[in-house]
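The values are calculated or read from the model by the stated rules, or taken from the named source; none is laboratory data. These figures come from a predicted structure and were not determined experimentally. FYI the Cβ positions are ideal-geometry reconstructions off the backbone, even for glycines, and counts take in every protein chain you see. Accessible surface areas use protein heavy atoms only, side chains included; no ligands, DNA or RNA. Shrake-Rupley method; radii C 1.70, N 1.55, O 1.52, S 1.80 Å.
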Amino acid sequence: MPSARRAKGAGRGRRSRTMGRTLVIAAACAAVFAAFAVTAHAAYTYYYALQAYASPGSGFGDNSVVYRNFNDSCAYVDIYHTHWTKSIYADANGNWLVWYEDNNNCGLGSKAHLNPSSDYGYTYVQAKCTNPSAHNSATFQMNCWTTRP
Amino acid sequence: MRLTRRGLLIIGLLVCCATAGTLVGATLAGASGVGTSPVAAFTSSSAPPATDQTFIQGLAADEGTPNPGTSANPVGTPLPAQARDLIANAGPAHDTLGAFPTSSGEVCFEVLGAGDCGNVNGGEPYGAGISFGILGTRTGGTRLYGVASDYVAKVDVEIAGTDYPATLSNNGFYFALPDGITSDHIQSVVATWKDGSVHTYPMHS
C-alpha cells in the first residue's frame, strides 16, 4: 500500500539521518577526547630543572611563575659528600606552605623530596630549593615534574 | 659402620669448612649491603604493608630517577612493593610514617610523601644508624621523623640542651616539635644503641 511503503521509506531515511548524526557526534567527541588526552599527558610530564650554587641559608627557585607541581625535589649535586638540602612550596607572595629538609647521611647526596603540592592541599605553588647548612655552601639541583599553566 | 680416624678427620674438616664458608658468606653479604639493610620491620608482621601508595609511589618515582648528568642512581632501585607503615597516627597531625628499602640496602622514608632515602647501617657519616628528615606544614606543624637500624634502642632530639625522646617503633622514629620550635632550634639527634653506645648526629653542619 502506498501509504505503508511511504511510511517505510520515510522511516529508513530518518534512521539514516539519525545514524549519520550519531556518527558525527561520536567522531567529534573522540577528537575532543584525544586533544585533551594529548594535552594533559604533555603537561603532566613537563620537566623543569634548575641548578645553582647557594651559600648557607640562601636558595633559589622559580618565583615568577606559579606551577602546579608534581614530584619536586632539591638534590645536593656533589654525590660524594653529605649535605643538608631543603625543598619548599610557597604561595604567590613567597610565604612558605610546605617545607622538607634532610641530610640523608648517605655520603651519596641528599634529595629532599616533596610530593605534588595538591597532596598538601595546595594547587598552585612556587618551588624553591635552599641550603639549610649553617656553614657550608654547595651546589643544588631543583627538579620539578610539573604542569605549567 | 665403624669410622676410622681418617674418616673422622675428613668429616671434621668438611664441617669446619662449611661453617667457615657460611660465616664468610654472611659477612660479605652484610658488608656489601646489596638488597639488605638492618631494618627488621621490612620482614616483620608487626609493621603492616603501607596504606597510602600515592605517597610511597611518588617518593619512589623521584628517588629512582637519577639527576641529569649522572649515570647511576646512588640509592639503587627503590623497592616500593616492600613498603611498610612503621608508625601510624603519630603526633598532633596524626601522621603515618612509611618506608621501603632499595636494591642497594638504603632505606626510603616519608610522611605525606615528603622524604628521602638514606643509609642506616652504621657505616655512614656520623655512624649513628639513623636517617631522618624534617617536614613542616602550615596546618600540621613541624615534625622530625626517619628510620633507625636494628642496632638502635632509642632516639632523642636535643633542643636547647635538653633531650626529648622520639617515638621509636618498628624501626621508625617520630618527634613533633613544640609550637614555636623550628629545625633551627635542634642541636642534634642522638641515637643510643642497644650496646649502650651513644651516637650523635649534628644538625645543619
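For this structure, a couple of remarks:
To keep it simple, each residue is scored yes or no on (1) among the small types (Gly, Ala, Ser); (2) in contact with a Pro (Cβ under 7 Å, 6 or more places away or on another chain); (3) touching a residue at least 40 places away in the same chain (Cβ under 8 Å).
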| residue | (1), (2), (3) |
| --- | --- |
| B:ASP156 | no, yes, no |
| B:THR162 | no, no, no |
| B:SER169 | yes, no, yes |
| B:TYR174 | no, no, yes |
| B:PRO178 | no, no, no |
| B:ILE181 | no, no, no |
| B:ASP184 | no, no, no |
| B:SER188 | yes, yes, no |
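- Condition met for A:ASP91 (modelled with pLDDT of 90 or more and open to solvent by 10 Å² or more (accessible area, probe 1.4 Å)): yes
This table checks each residue for (1) more than 8 Å from every other protein chain (Cβ to nearest Cβ); (2) over 15 Å from the mean Cα position of the chain (by Cα).
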residue: A:SER55; (1), (2): yes, yes
residue: A:GLY59; (1), (2): yes, yes
residue: A:ASN63; (1), (2): yes, yes
residue: A:VAL66; (1), (2): yes, no
residue: A:ASN71; (1), (2): no, no
residue: A:ASP78; (1), (2): yes, yes
residue: A:TRP84; (1), (2): no, yes
residue: A:ASN93; (1), (2): yes, yes
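- Residue check: A:ALA52 meets all listed conditions (1) of a type in the set (A, V, I, L, M); (2) at pLDDT 80 or above; (3) surrounded by fewer than 14 Cβ atoms within 10 Å (Cβ to Cβ) but one, namely (3).
- Looking across region B:22-43, the residues that are at pLDDT below 90 and over 14 Å from B:GLY105 (Cβ atoms) come down to B:THR22, B:LEU23, B:VAL24, B:GLY25, B:ALA26, B:THR27.
- Scanning region B:107-121 for residues that are more than 12 Å from the chain's Cα centre (by Cα) and within 20 Å of A:THR82 (Cα to Cα) yields B:ALA114, B:GLY115.
- Residue selected from region B:86-106 under the condition part of a loop (DSSP other than H, G, I, E, B) and at negative phi, by the criterion nearest to the chain's Cα centre (by Cα): B:GLU106
- Residues in region B:126-167 that are under 26 Å from A:LEU114 (Cα atoms), β-branched (Val, Ile, Thr) and surrounded by fewer than 21 Cβ atoms within 10 Å (Cβ to Cβ): B:THR139, B:ILE159, B:THR167.
- Residues satisfying the stated conditions in region B:110-133, i.e. farther than 14 Å from B:VAL152 by Cα, facing another protein chain (nearest Cβ under 7 Å) and assigned to a strand (DSSP E or B): B:ALA114, B:GLY115, B:ASP116, B:CYS117, B:GLY118, B:GLY133
- Filtered by the rule that a residue be open to solvent by 10 Å² or more (accessible area, probe 1.4 Å), within 24 Å of B:GLN57 (Cβ to Cβ) and not aromatic (Phe, Trp, Tyr), region A:55-78 gives a lone residue, A:ARG68.
- In region A:95-117, the residues that are more than 7 Å from chain B (Cβ to nearest Cβ) form Cβ pairs under 6 Å with partners that are modelled with pLDDT of 90 or more and surrounded by fewer than 24 Cβ atoms within 10 Å (Cβ to Cβ), at six or more places apart or across chains, as follows: A:TRP96/A:ALA90.
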